[in-house]
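Just below is one structure, and these are the notes that go with it.
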């Protein structure tokens, strides 16, 4: 598996896990009010149908007819991780012609929300959260210099804040 470096370093405290997979931008976002709660958020490519719920499948109170702050944070971190051009291309977001070049997280979010996306299916939340937990398990292994391709999303430099 080819490991793609982050476009820019990112902090893991707010959005510890973000991926472009299964036709969605999806990930885990920390709660702003409860340290023990996380949200599993996703946006589907093309339709921008969105979903946000806690790890216990309780719906997000802010995702009622529009992107909540968790989804906005997820988009922002995806742009840091993959770059705006790649996120725009994956999600099929038209940002004024030139394939996302010069776009930022705000531009992508505005382009998607201006289409008035609907609430999506939250059935993938369990899969995403399970994948996140599997990646966390690697933190308990002894340090090694051997490559772990499935850990490509985890930054190799900078402090976790």
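Taken together, the values in this text are just the output of simple stated rules run on the coordinates, not laboratory data. None of the values given here were measured: they were computed from a predicted structure. We place every Cβ from the backbone using ideal geometry, glycine too, and count neighbours over all the protein chains shown.
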### Query
Pulled fully out, how much extra length does the chain show between residue 31 and residue 110, if you take 0.36 nm times their separation in residues and subtract their Cα-Cα distance?
26.2 nm
#### Entry: Label point distance in nm, residue 94-residue 58, each placed 7 Å from Cα along Cα→Cβ
4.1
### Cα-based equivalent ellipsoid, the stretch 17-131: semi-axes from gyration tensor eigenvalues, Å
23, 14, 13
### Query
According to a simple spin-label model (label point 7 Å from Cα along Cα-to-Cβ), what is the distance in nm between residue 66 and residue 121?
2.8
### Query
Relative to a virtual label point 7 Å from the Cα of residue 22 in the Cα→beta-carbon direction, which members of the stretch 106-125 show backbone nitrogen distances below 20 Å?
118-125
